[in-house]
Structures are given as structure tokens and as C-alpha cells.
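> Next up is a structure, given as C-alpha cells.
The values are calculated or read from the model by the stated rules, or taken from the named source; none is laboratory data. Please read all numbers here as calculations on a predicted model, not as lab measurements. In this analysis, Cβ positions are derived from the backbone assuming ideal geometry, glycine residues included, and neighbour counts consider all displayed protein chains. Just so you know, the surface numbers come from the protein's heavy atoms only, side chains and all, with ligands and any DNA or RNA stripped out. Shrake-Rupley method; radii C 1.70, N 1.55, O 1.52, S 1.80 Å.
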Amino acid sequence: MLNLEPYKPSKEACDIKLDANESPYDIPQEVKERIWQRLKREKINFYYDPSCDELREELSKYVGVKAGQIFVGSGSDEIISDLLFAFAGPGRDVIIPVPAFSSYEIFATVSGANVIKVPLLLEKQNEAWRWDLDVEGIKKHFKKDEPQMMFLCYPNNPTGDYFSEEKILDLIESFNGIVAVDEAYFEFGRKTFANRLSKYPNVTVIRTFSKIFSMAGLRVGYAIADETIIEQLYKVKLPYNVTLFSQIAAVEILKNLDWVEALRDELVKSRDELKAELDKVPGIIVYPSNTNFFLCEFEKPRDLVYEKLLEKGILTRKLNGEKLKNVLRFCVGSPEQNKVLVDALRQILSE
């Protein structure tokens, strides 16, 4: 545990914050007013609904599954942690294709599980570099007679693109254990495994309100799975894990999906425009993205690029790992923020 690398969000002062894949837009004021009005009617001296029943009912309409197939947590981090406590732990293998979201490894290690990291393949396809799963490398670690667990991020953080659907299905059908498919960025590309749970009851889909719903500060995530899996999650979850405020806010956001859809269209448009401009900047490789962020590799040392951007008030994210030693990740900002970023990179990389 002493060698565990913690997740450390940056606290650097900046004018443009692009390091945590957050939405650049706050929720509408009229939605906030509805949240405030509901809060005024609630008694905060009592614990709030421990099973998030109203929120799960709203989510069931949004996702298209029964409320009993939904489990709500304090951010997707808690969902990841609960899955590991329920299905991993000492003596169990947890397979993680890397690079991936760091919480998988952190919480798997805390649970006492044996973490198996399998490097992604970086291949050139149709003139673009893409990251994909090493299916044979992953299958080498499969055990038919022992339950295991595997995380697949879809689309992947930090690389940004989808893995091959055919490869994922091959792994799911060959695996003896729980496959957690993290769809934190589902709304940006709209590919999902949530509609296949009846065929693959060993799959759990993880989603969050922190990205497209602009609710990162309120910490709401949820799992979609077969009811037998949901039952196990309730056994390990913290009591009263999602606050009254967060539950009400999430319910009200789900009643305002027209705004969410418009925001999604705006961010996808901004993402595509940003990609087109970044591709024109010499000295940078921009990996394909179906999310709200980009992973970029530089000819110049990435630490130099990071510091130069920070001097200009732009905070990006440095990542650990051999394959990520010369890359930065940054999310899509507003059109004005994106222009400042591109102009800054153009100047830095031309010096």
C-alpha cells in the first residue's frame, strides 16, 4: 500500500481549467432555482433516502431499464470501489487494460486484489493512430475455474476513443467474472452495453453525472446491471451515501434533458472544431476522441509544454505511465477557451 500512487488533482492557479474533463458550462439558473425550492421544503436534520428511489425511477426512464437494475453512488468512483469490494478482494485477479482511469488500480489495490495490467496496442489505422485492446494479451490471464474481474473504459480515459466492439464482446463472452464497462463519457458518442445486459448478465455499466450533466461538484454516479449484481452492491455500500442535495439536483437535471441534449451538441461541435485546429499545429499528435477531451503527444518535452501553458493560465493534465510520458490530456472548453489553448500551443511549439 505504501507504493500506491494516489490520485492527486492539481490545485494550480489558472484562468482556464482543462485538467479534469469537467463541463465548461454550469447548469441553468432556472434548474438551480427548482433545486433550491425543493431543498427549502426538505428537512436536513434527517437522513435522506438511502436507496435513491426517486432518482433511480428517473434514471430508469433515461436509461431504459428497470429501477431495480440501477444502483446510485457518490460519483462513479464510489461505484468502482463498491464493485471491487463486492466482487474482488484478496486472492482475486482484477484485469485492467492500461493506460486507463487510475481509480481502477487504486481501489483494486486497496481491496487487496491482484492487479493485472495489460498494455493497450497503439496502431495506425486509416492514417490515424488509435489505441485498442490486446485481446490475446488479456486472455492469457483468464482463469476458467476462478472468478475474476475486469475493467473496460468505453470510450477510454485517457486515450479518448472507443475500443473495438467486436474485441470487447469476445472478452465478455470468454470471461469468468464481472466485466465493468465504464461509460462515463457515454453521451458524447452514445455507444453502450447497457442494452445488452439480458444477454450478458456478468456486465455492469458505470456512468456519471460529472460530465455531460455538469454536476461534477455534487458527486453522483450510477451502475446499470442485472439485479443479482445490484443486490451485492447494496451489501457493501456506505449507508446514506448520496446526499439529499445531490439526489434532488440529479432528479431535476433529468427533468431538463432538452438542455442536456443542447449542451451535448454544443460540446461535440466544439470538440470537432478544436480537433481540426489542433491538427494544423506542427509538433503535435492528436489522438481521436469520442469524449469531451483530447490526449495529445508532443515533439517537445511535455513538461515544458505543460509549464508554458500554465504560465499562460491554462491548466492541463500530466499522466503517469511509460506510454504517456510525453503526452498531455485536456478537456474541451468553451469556444473562447479553445481558441486561447490553440493559440498558446501554436506559440509554444514554434519557439
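> Glu252 passes all but one of (1) within 30 Å of Tyr62 (Cβ to Cβ); (2) out of contact with any helix residue (DSSP H, G or I) (no Cβ under 7 Å at 6 or more places or on another chain); (3) of a type in the set (Asp, Glu); which number fails?
With (1) within 30 Å of Tyr62 (Cβ to Cβ); (2) out of contact with any helix residue (DSSP H, G or I) (no Cβ under 7 Å at 6 or more places or on another chain); (3) of a type in the set (Asp, Glu) applied to Glu252, the lone miss is (2).
> So, in the range 77-89, how many residues would count as being modelled with pLDDT of 95 or more and surrounded by fewer than 20 Cβ atoms within 10 Å (Cβ to Cβ)?
2
> Something else now. Which one of these is surrounded by fewer than 19 Cβ atoms within 10 Å (Cβ to Cβ), in contact with a Phe, Trp or Tyr (Cβ under 8 Å, 6 or more places away or on another chain), touching a residue at least 40 places away in the same chain (Cβ under 8 Å) and in a helix (DSSP H, G or I): Tyr240, Tyr234? Walk me through it before giving the result.
On the way: Tyr240 fails: in a helix (DSSP H, G or I).
Just one listed residue meets the conditions, Tyr234.
> I need every pair where a residue in the range 99-114 that is within 19 Å of Lys325 (Cα to Cα) has its Cβ under 6 Å from the Cβ of a residue that is among the aromatic types (Phe, Trp, Tyr) and not in a helix (DSSP H, G or I), sequence separation at least 6 or different chains.
Here the result reads Ser102/Tyr7, each pair linking the range 99-114 to a residue that is among the aromatic types (Phe, Trp, Tyr) and not in a helix (DSSP H, G or I).
> Regarding Phe107, is this residue of a type in the set (A, V, I, L, M, F, W, C), in a loop (DSSP other than H, G, I, E, B), open to solvent by 20 Å² or more (accessible area, probe 1.4 Å) and at pLDDT 95 or above?
Numbers: of a type in the set (A, V, I, L, M, F, W, C): yes; in a loop (DSSP other than H, G, I, E, B): no; open to solvent by 20 Å² or more (accessible area, probe 1.4 Å): yes; at pLDDT 95 or above: yes.
Against the criterion (of a type in the set (A, V, I, L, M, F, W, C), in a loop (DSSP other than H, G, I, E, B), open to solvent by 20 Å² or more (accessible area, probe 1.4 Å) and at pLDDT 95 or above), Phe107 does not qualify.
> Let me ask you something else. What number of residues within the range 208-228 satisfy the criterion of being in contact (Cβ under 8 Å) with a residue 12 or more places away in the chain, farther than 18 Å from Asn256 by Cα and open to solvent by 10 Å² or more (accessible area, probe 1.4 Å)?
Final tally of qualifying residues: 4.
> Going through the range 284-329 one residue at a time, which ones are modelled with pLDDT of 95 or more and among the small types (Gly, Ala, Ser)?
Ser289, Gly313
> Hand me the list of helices (runs of 4 or more DSSP H) wholly inside the range 1-95 holding 3 or more residues that are in contact with an Asp or Glu (Cβ under 8 Å, 6 or more places away or on another chain). Explain how you work it out, then say what you get.
Values: elements: 29-41, 53-63, 75-87.
Because the criterion is at least 3 residues that are in contact with an Asp or Glu (Cβ under 8 Å, 6 or more places away or on another chain), the helices (runs of 4 or more DSSP H) in the range 1-95 that meet it are 29-41.
> Here is a follow-up. Are there any pairs, at least 6 apart or on different chains, whose C-beta atoms fall under 8 Å, with the first in the range 282-297 and within 17 Å of Leu349 (Cβ to Cβ) and free of Cβ contacts under 8 Å to residues at least 40 places away in the same chain and the second charged (D, E, K, R) and open to solvent by 20 Å² or more (accessible area, probe 1.4 Å), and if so, which?
Val286/Lys275; Val286/Asp279
> If you don't mind, there's one more thing I want to ask. Within the range 300-323, is even one residue of a type in the set (Lys, Arg), within 22 Å of Glu123 (Cβ to Cβ) and either open to solvent by 50 Å² or more (accessible area, probe 1.4 Å) or in contact with an Asp or Glu (Cβ under 7 Å, 6 or more places away or on another chain) (or both)?
Checking the range 300-323: at least one residue is of a type in the set (Lys, Arg), within 22 Å of Glu123 (Cβ to Cβ) and either open to solvent by 50 Å² or more (accessible area, probe 1.4 Å) or in contact with an Asp or Glu (Cβ under 7 Å, 6 or more places away or on another chain) (or both).
> Counting just the residues of the range 179-198 that are among the charged types (D, E, K, R) and touching a residue at least 24 places away in the same chain (Cβ under 8 Å), which one comes out nearest to Glu78 (Cα to Cα)? Steps first, please.
The first filter runs over the range 179-198 and keeps only residues among the charged types (D, E, K, R), leaving 182-183, 187, 190-191, 196.
So of that shortlist, the ones also touching a residue at least 24 places away in the same chain (Cβ under 8 Å) come out as 182-183, 187, 191.
Values: Asp182: 13, Glu183: 15, Glu187: 20, Lys191: 23 Å.
Taking the candidates together, the pick is Asp182.
> Further, regarding this structure: Output the number of the condition that Lys339 fails; it satisfies all remaining conditions of (1) of a type outside the set (S, T, N, Q); (2) in contact with a strand residue (DSSP E or B) (Cβ under 9 Å, 6 or more places away or on another chain); (3) closer than 20 Å to Pro24 by Cα; (4) open to solvent by 10 Å² or more (accessible area, probe 1.4 Å).
(2)
> In the list Tyr185, Tyr154, which residue meets the criterion of being in contact with a Pro (Cβ under 7 Å, 6 or more places away or on another chain) and under 25 Å from Gly64 (Cβ atoms)? Let's see the steps before the verdict.
Working: Tyr154 fails: in contact with a Pro (Cβ under 7 Å, 6 or more places away or on another chain).
Only one candidate passes the filter, namely Tyr185.
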